[in-house]
1. Which residue out of Ala44, Ala33, Ala22, Ala16 is modelled with pLDDT under 95 and either crowded, with 19+ Cβ neighbours inside 10 Å or more than 25 Å from the chain's Cα centre (by Cα) (or both)?
2. Look through segment 305-331, keep the residues that are at pLDDT below 80, surrounded by fewer than 12 Cβ atoms within 10 Å (Cβ to Cβ) and not aromatic (Phe, Trp, Tyr), and return whichever of them is farthest from Gly426 (Cα to Cα).
3. Condition first: modelled with pLDDT of 95 or more, within 23 Å of Ala421 (Cα to Cα) and of a type in the set (A, V, I, L, M). Can you find one or more residues in segment 178-193 that meet it?
4. Do the conditions hold for Pro129, that is, is it out of contact with any His (no Cβ under 6 Å at 6 or more places or on another chain) and not in a helix (DSSP H, G or I)?
5. Let me spell it out: the conditions are (1) within 30 Å of Ala22 (Cβ to Cβ); (2) assigned to a helix (DSSP H, G or I), and Leu267 meets all of them except one. Which number is the exception?
6. Residues in segment 28-42 that are part of a loop (DSSP other than H, G, I, E, B) and within 20 Å of Leu169 (Cβ to Cβ): how many?
7. Please go through segment 144-155 and pick out each residue that is surrounded by fewer than 22 Cβ atoms within 10 Å (Cβ to Cβ) and not in a loop (DSSP other than H, G, I, E, B).
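The values are calculated or read from the model by the stated rules, or taken from the named source; none is laboratory data. Only a predicted model underlies this, so the values are computations on that prediction, with no experimental measurement involved. Because the Cβ atoms are built from the backbone with ideal geometry, glycine has one as well, and the counts that use them run over all protein chains shown.
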Amino acid sequence: MAFPVDLRRCQVLGLAGTGFLALGGETAGALPARELLAPSSPHAAVGLVGAYFGVVLLIAAWLLLGRLVRGTDPPAPRALLLVLAVWAAPLLIAPPLFSRDVYSYLAQGAMVDAHIDVYTHGPARLGGPLADEVAPLWQHTAAPYGPVFLALASALAGLTHGELPAGLLGMRLVALLGVALMAAALPRLARHCGADPAAALWLGVLNPLVLLHLVAGAHNDAIMLGLLGAGLVAALGRWPVLGAVLVTLAALVKAPAALGLVALVVLRMRAGHRPARAVLSTAAASAATTVAATAVAGTGYGWTGALDTPVSWHNWALTSLLGRATGALLERFGSDLAPLAVPAWHVLGLAVTAALVLAIWWRGHRRPVYALGLSLAAVAAFGPAIRPWYALWGLFLIAAAAPSASTRHRTAALTGVLALAVLPSGGPADTGQLVLAVSGGALAAVVLWQAHQTAQAPALGGRTA
């Protein structure tokens, strides 16, 4: 007999998962520097076990909810949004989780507010408590983000006067706004693509990566994806100029969203516009938005040169891994070319990405939303840096436009794996931390198995009788 499942059970199980995650994050999360505990601390160890216990419960709740969505009587999109709100609630008051990027956002916002050029200087130039929260690797690194996001961060810095708790809450609210835009756009995009809106919401917004990294981690990818989704909806609703404005604003948060402009051109051409007119009108709206947004933000155009911000040495992007392996091999043979291995692989990765994107649009121009999702997935996969939440760039749109159930299943499987890939502290893992994390996940698996057995027992007893 299958494990009995209904919407309320999914709500409760997912709430338990995010609740344990929030509690575990109190000692094992990406805490402010003055609150950080040593990884060997008993409190940090218990927190890490509890956090991974919660992550596995959340993944299980999401998978069970997926069974409901695929069933004969699936929940309505409104009911799924309520589930999202319930699951996200404990994370709103949790400390930052799975990354320390939010501290960099706050420091960069304070720099803009203080009229320090964030595209020339790193947070070390700001100094003070906010800069102290930024990881040493990024203390002297220029901001890689566009003027729209930096304007938001600057406004938040002015409102919170550099107070860390208020700043963290404000940045999380900005991320929640992005998630809300994603949730509003997905059903509309799914209907346009002939997909089930409920299935799109389940895969594109309720998936664990959104909760763990966009909500708990407060990443600015949320506002980028929200604006991108809103722009596509506007273009599909016959407001192409508004669509170009919104997609450009998304790109002025993080650059990969600029690929959305290609989708807008294709949509205009499919609506009967000549190619030259579609390209020129989209480019004109985008250029005007860029000039206006940059002027309002007051950051200048330094962001165009900050796109090559260096990546961390331990980054596990495919091209970085291959580059380090090649460099080590060249060093072993005494070659002077070893230092060039990583840059060479990064260039090759960019070339492969460009070729893939061209191939995707050549073959998939009749399905522009899906082609855009695949293009963003290629950028994330073959770029010089990758983090689990980068997978959301493509997943968000693939959820709305996937042509088959098997595509959704493979994407869901990838989501489950990536949800387990980063520690709550956001730092690299040692052997002891890996053991604790696996222990927390295994404990959750045991609890879920026991619940399954308990649920089966009455039915088996009834059959015997």
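1. Unique residue meeting the criteria: Ala44.
2. Going through the qualifying residues, I end up with Gly305.
3. Yes, that holds for at least one residue.
4. Details: out of contact with any His (no Cβ under 6 Å at 6 or more places or on another chain): yes; not in a helix (DSSP H, G or I): no.
Answer is no for this residue.
5. Against the list (1) within 30 Å of Ala22 (Cβ to Cβ); (2) assigned to a helix (DSSP H, G or I), Leu267 comes up short only on (1).
6. Within segment 28-42, residues that are part of a loop (DSSP other than H, G, I, E, B) and within 20 Å of Leu169 (Cβ to Cβ) number 5.
7. Ala151, Ala155
Residues are listed down the side, and each one gets a yes or a no for (1) buried (at least 22 other Cβ atoms within 10 Å of the Cβ); (2) not in a helix (DSSP H, G or I):
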{"residue": "Ala359", "(1), (2)": "no, no"}
{"residue": "Arg366", "(1), (2)": "no, yes"}
{"residue": "Gly373", "(1), (2)": "yes, no"}
{"residue": "Ala377", "(1), (2)": "yes, no"}
{"residue": "Ile386", "(1), (2)": "no, yes"}
{"residue": "Trp389", "(1), (2)": "yes, no"}
{"residue": "Leu397", "(1), (2)": "yes, no"}
{"residue": "Ala400", "(1), (2)": "yes, no"}
